[in-house]
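Take a look at the structure set out below.
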Amino acid sequence: MPILSVSNLNAYYDKLEVLHNVSLKIEKGERVAVLGPNGAGKTTLLKAICGLVSYKGDIEFKGFNLNRLKPYERIKRGIAICPEGRRIFSRLSVEDNLSIVNRDTNLAYELFPQLRSKRREKAKNLSGGEQQMLAIARALLLKPELLLLDEPSMGLAPIVVESLAEVINSISKDVSILMVEQNMQLASDIAERCYILSSGRITYEGCIDEIDIKAYFK
Ligand SMILES: Nc1ncnc2c1ncn2[C@@H]1O[C@H](COP(=O)(O)OP(=O)(O)OP(=O)(O)O)[C@@H](O)[C@H]1O
Ligand SMILES: [Mg+2]
C-alpha cells in the first residue's frame, strides 16, 4: 500500500481551480520530486495534502482517507511540511525554534551538527543554508512518516544546495519524502522518481534521469 495516494485532485482558491485532476503515489521510504515552473501549482499540491486549501478528489495516507481531517489532525497522523520560504521564527534562537515542536531537540542536532554550535544564535543570524536546515530539522522533530519539502533550494547558492542534498539524503529512510523543486540538480540528487506539474496538470511521471529538460519547460 502506498504511504500517500492522491487521486483526481482539483484544488481551488475560491472558485479558481488551480490543480486539475492530479494523481500521484508515493511508496513507503520513497523520495519523489514534483518539478514545475513558477505558478504550476506545486505549493498548492502540498497545501492540499496538509488540508490548507479546498479540494475535490481523494488524498489517502497509509490507506486512510484524509479528506475530512483538519490540518493538525493530518500532522498527528504523521505528515510534516517544511513550507516555502522556511517560516522559521527569525527572532527566536535555534533552540527555541526547535523546542516549540519537541522539547527533545537532540535528534535535530544529531542530524544537523552544524546547528548545535549555533543553538543560542537567533535564527535570523544563520546563513540561508543553515536556516533551511533549521526548517527541515523542525519538521523532522514531529517524527513524521511523510515529509513534504517546498523548494528547499530556494535562494541558496549552488554549493550550499549540494550540501543540502547530503543533509536530506542523511534523513532516515523510514521517512518518505515528497519534495517540490525547480532545481533539477537537487531533485535528481534526492529523488528516484518525479512528476512534472505544468499549469496545474501532471504532464510527466517517471524516472528523474530520463527527463528531457526541453519538455520540462514547454
Ligand atoms: N492564495 C491564493 N489565492 C489565489 N490564487 C493563488 C493563491 N496562491 C496561489 N495562487 C495561484 O495558484 C496558482 C498556483 O500557485 P502555487 O503557489 O501553487 O504555484 P507554485 O508552483 O508553488 O509556484 P512557485 O514556484 O512560484 O512557488 C498560481 O496561478 C497562483 O497565482
Ligand atoms: Mg511554490
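Values quoted throughout were computed directly from the atomic coordinates according to the rules given, and no laboratory measurement underlies them. Computed from a prediction, not measured in an experiment: that's the story for all the values here. Heads up, the Cβs are rebuilt from the backbone with ideal geometry, glycines too, and the neighbour counts pull from every protein chain shown.
Counting only Cα atoms, the size of the chain along its three principal axes is 46, 39, 33 Å, in decreasing order. Taking 7 Å steps out from each Cα toward its Cβ at N67 and L92 produces label points 3.5 nm apart.
Structural descriptor for the range 4-216: relative contact order 29 percent, calculated from alpha carbon pairs under 8 angstrom and at least 6 residues apart.
For N21, what charge total do you get from the other residues with a beta carbon under 15 Å from its beta carbon, if Lys and Arg give +1 and Asp and Glu give -1? Once all neighbours under 15 Å are counted, the net charge is 0. Between E162 and E110, the modelled label-to-label distance comes to 2.9 nm, taking each label 7 Å out from Cα in the direction of the beta carbon.
DSSP bridge analysis restricted to the chain gives an antiparallel fraction near 55%, rounded to the nearest 5. Size of the range 132-218: Rg and Dmax of its alpha carbons, in Å, are 13.4, 39. For a straight C-alpha distance cut-off of 28 angstrom, the lysines reachable from K28 (same-chain residues fewer than eight places away being disregarded) are K42, K47, K56, K62, K70, K76, K143, K173.
HN-Hα J couplings of the range 101-110 from phi, Karplus 6.51/-1.76/1.60, θ = phi - 60°, integer Hz, Gly and Pro as x? 3J(HN,Hα) across the range 101-110, in whole Hz: 8, 7, 5, 8, 8, 4, 3, 4, 6, 5. Counted by Cβ distance under 9 Å from A191, the other residues give a net charge of -2, where Lys and Arg count +1 and Asp and Glu count -1.
With the convex hull drawn around the C-alpha atoms of the range 1-113, the volume per residue stands at 143 Å³.
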